[in-house]
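Reading through the C-alpha cells given below for one structure.
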Amino acid sequence: MTGNGPGGPEKTGPSYTGEETSQGEIILRTKRRRQIFIGGLILMGVLAVVFSLI
C-alpha cells in the first residue's frame, strides 16, 4: 500500500448517499447528441441480432 495510512484509503472528493446516486438521467440537449445516442442503441440491437445468428 502506498500512502493510504492505517485507516484505509484517503477520500478524494465528495461523498454521496445511496439515495443521491440511485437515479440517473440522460440529458440530450442537442439534436446531434440525440442522433448519436439513438444511433448507438440501434447499433447495439443490430449487433445483438448479428451475433445471435452466428
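The values are calculated or read from the model by the stated rules, or taken from the named source; none is laboratory data. Every value quoted in this text rests on a predicted model; they were computed, and no experiment measured them. For neighbour counting, all protein chains shown are included, and Cβ atoms are generated from backbone atoms with ideal geometry for every residue, glycine included. These area figures cover heavy atoms from the full protein model, side chains too; ligands, DNA and RNA do not enter into them. Shrake-Rupley method; radii C 1.70, N 1.55, O 1.52, S 1.80 Å.
Please identify the pairs in which a residue from region 32-54 that is aromatic (F, W, Y) has its Cβ atom under 8 Å from the Cβ atom of a residue that is loosely packed, with under 10 Cβ neighbours inside 10 Å and outside any helix (DSSP H, G or I), counting only partners at least 6 apart or on another chain.
Pairs that qualify, where the first residue is aromatic (F, W, Y) and the partner is loosely packed, with under 10 Cβ neighbours inside 10 Å and outside any helix (DSSP H, G or I), are F37/I26.
If G5 satisfies every condition in (1) modelled with pLDDT under 80; (2) open to solvent by 100 Å² or more (accessible area, probe 1.4 Å) but one, which is the exception?
Unmet condition: (2).
Would region 40-53 turn up any residue that is open to solvent by 100 Å² or more (accessible area, probe 1.4 Å) and at pLDDT below 75?
no
Taking region 17-38 on its own, how many of its residues are open to solvent by 100 Å² or more (accessible area, probe 1.4 Å), modelled with pLDDT under 85 and not in a loop (DSSP other than H, G, I, E, B)?
Here the count works out to 2.
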